[in-house]
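In what follows, a structure is listed as structure tokens, so that the remarks can point back to it.
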Amino acid sequence: MDFAFDARTEELRARLLAFMDEHVYPAEAVAHEQRARLASPWETPAVVEGLKAEARRQGLWNLFLPDAGYGAGLTNLQYAPLAEITGRSPQLAPTALNCAAPDTGNMEVLAQFGDERQKKQWLEPLLAGEIRSAFAMTEPEVASSDATNITTRIERDGDDYVITGRKWYISGAMNPDCRIFIVMGKTDPDGADIRRQQSMVLVPRDTPGVEVRRAMQVFGYEDHYHGGHAEVVFDHARVPVSNLVGEEGGGFAIAQARLGPGRIHHCMRLIGMAERAIELMCRRAVSRTAFGKALGQQGVVQNWIADARVAVEQLRLLVLKTAWMMDTVGNKGAHTEIQAIKIATPRTVVDIVDRAIQLHGAGGVSQDFPLAELYAGARTLMLADGPDEVHQRSLARRELKKYL
Ligand SMILES: Cc1cc2nc3c(=O)[nH]c(=O)nc-3n(C[C@H](O)[C@H](O)[C@H](O)COP(=O)(O)OP(=O)(O)OC[C@H]3O[C@@H](n4cnc5c(N)ncnc54)[C@H](O)[C@@H]3O)c2cc1C
């Protein structure tokens, strides 16, 4: 097997690594300071807009989109190591490159299922990084890991749809630049096929009846860098029928299609987060002394570092294999591998970041190191895009089927 990256990937990696060193890491502290002085913590700090302009100028833009008509036209295997690098600074780098969730998944939906008007109105400004977007599926009242439970109604009324429902943990929605929601609801709640009851509609933020009510917290924090995770109420919000994405009853299938690439992107970035944690752990281990010797001279610390390195190497190989399979046999053929990385990566990275926090003492849970934020990000990915248990259930069922 040849594990080397191809020439284009190597060239983009070199440029991206330089961009991270020259622009992204130095901007981390600046963004922090600027955000503290903004009128609203949900606005985008000026330094982030500067990073976006520079990334675009350098051709490090929309790298996630495999369709060369819209993005860089990279395969999953080419994009994987680049997404990993952006994961080292998850607050800034994915946004700087216009490769941040949930916009990436939303752009993919619009590119794949949107009609020409929808693409012109929403995909083009998203591709240009002029606006942001959100994906609204989860509801506080029902177990939303099972999308057939969704209760939001999308009712036809003449040439309009009327949307009524309450969503929460809608990432990005607190950011005032988030101009458009892709809303999942039921157009046919009594339909016989429970997977054909759902549809997706485009709901502009300024539609009467749309209320972004509050920012939900994550471990007591508000996730300012990612536009928060909002509770959003749709109270008879009315949009034209032409805002339907794809066909009526096609919402479930679109949701499945949307989450395949999104999951691998998250896992690639998580590996970058783990690499950052290992780097911080090692720097701390050689620079801090307790009980007469450097922390890195303690056997237990050496075990943490070694275990972290082994785990990251294993994860990276599995993620790259998954990317390669998505490219060669398609997302469906790579189903088991996609689920395997979605199960394995967040929990392993949580463990690595947890050790890095421990090694930093009180500093580990402070705002002076990115570790607490990395931990929260990794931990929530055991829930977001489907909880671990849902993936385990489905993977195990496919495995068991072989023996029935
Ligand atoms: C930070 C963050 C960001 C998010 N961003 C978005 C977003 O942008 N848009 C959006 O729509 N949603 C978003 N979510 C919501 C997320 O997708 C849901 O929380 C997730 O799908 C689970 O749904 P639920 O919370 O209703 O949990 P439930 O469906 O109630 O599940 C609760 C628990 O039940 C267990 N469980 C469920 N099914 C099974 C099973 N089959 N077998 C065994 N155990 C099971 C699991 O342990 C699961 O964690 C986000 C969540 C977080 C934390």
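Please treat every number below as a calculation from the coordinates, not as lab data. Remember, predicted model here, so these are calculated numbers, not experimental data. Please note: Cβ atoms are built from the backbone with ideal geometry, for glycine as well, and neighbour counts cover all protein chains shown.
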On Cα atoms only, tilt of 76-86 relative to the major axis of the chain in degrees: 60
Suppose we keep just the alpha-carbon trace of the stretch 7-114; what are its Rg and Dmax in angstrom? 14.2, 45
The stretch 62-115-the stretch 345-403 distance, computed between alpha-carbon centres (Å): 22
Taking a ≥ b ≥ c as the square roots of the eigenvalues of the Cα gyration tensor, with a/c under 1.5 meaning rounded and otherwise prolate when a/b exceeds b/c and oblate if not, the stretch 148-205 is oblate
Backbone HN-Hα couplings from phi across the stretch 253-264 [Karplus 6.51/-1.76/1.60, Hz, Gly and Pro as x]: 5, 5, 4, 5, 5, 5, 7, x, x, x, 5, 5
Mind sorting TYR79, TYR375, TYR70 by how few other Cβ atoms lie within 10 Å of their own Cβ, fewest first? TYR70, TYR375, TYR79
Relative packing of 147-154, 262-269, which averages over residues the other C-beta atoms within 10 Å, highest first: 262-269, 147-154
May I ask for the angle, rounded to the nearest 10°, between helix 103-113 and the longest principal axis of the chain, with both axes built from Cα atoms and the value confined to 0 to 90°? 40
How high is the relative contact order of the chain, in percent, with contacts defined as C-alpha pairs under 8 Å that are six or more residues apart? 14
For the stretch 153-223 and the stretch 313-333, what is the centre-to-centre distance using only Cα atoms, to the nearest Å? 32
Report Rg (one decimal) and Dmax (nearest whole number) for the stretch 129-178, counting Cα atoms only, units Å. 13.1, 34
If you average the sequence gap of Cα pairs under 8 Å that are 6 or more apart and divide by the length of the stretch 132-245, what percent do you get for the contact order? 31
Roughly how large, in nm² to one decimal, is the mean projection of the convex hull of the alpha-carbon atoms in the stretch 252-401? 10.0
Mean separation of Cα contacts under 8 Å, 6 or more apart, over the residue count of the stretch 25-108: relative contact order %: 25
Note, the stretch 353-368: 3J(HN,Hα) by Karplus (6.51, -1.76, 1.60, θ = phi - 60°), whole Hz, Gly/Pro = x, goes 5, 4, 5, 5, 4, 4, 5, 7, x, 4, x, x, 9, 8, 7, 7
Which residues' amide hydrogens lie under 5 Å from the amide hydrogen of TYR169, considering only partners 5 or more residues apart or on another chain, with H built in the peptide plane? MET216, ALA230, GLU231
Of ALA68, VAL245, ILE338, which is farthest towards the positive pole of the chain's charge dipole, taken about the Cα centre with +1 and -1 on the beta-carbons of Lys, Arg and Asp, Glu respectively? ILE338
Highest-first arrangement of 9-22, 96-109, where packing means the average Cβ count within 10 Å: 96-109, 9-22
Highest first, please rank the peptides 387-400, 320-333, 125-138 by the mean number of other Cβ atoms sitting within 10 Å of their residues. 125-138, 320-333, 387-400
Please give the helix 7-19 orientation as an angle from the longest Cα principal axis of the chain, in degrees from 0 to 90, rounded to the nearest 10. 80
Suppose each label sits 7 Å from its Cα in the direction of the beta carbon; what would the VAL300-LEU38 distance come out to in nanometres? 4.0
What ³J(HN,Hα) values, in whole Hz, does the Karplus curve 6.51 cos²θ - 1.76 cosθ + 1.60 give for the stretch 150-160 when θ = phi - 60°, with x put for Gly and Pro? 3, 10, 3, 9, 10, 9, 6, 9, x, 8, 10
List the lysines whose alpha-carbon lies under 19 Å from that of LYS401, not counting same-chain residues fewer than 8 positions away? LYS332
Only counting other Cβ atoms within 10 Å, I'd like TYR25, TYR169 sorted with the fewest neighbours first. TYR25, TYR169
Report, largest value first, the span of the C-alpha coordinates of the stretch 132-245 along each principal axis, in whole Å. 41, 28, 19
Output needed: percent of Cα pairs per 10 Å distance bin for the chain, bins running from 0 to the one holding the longest distance. 5, 22, 32, 26, 12, 3, 1, 0
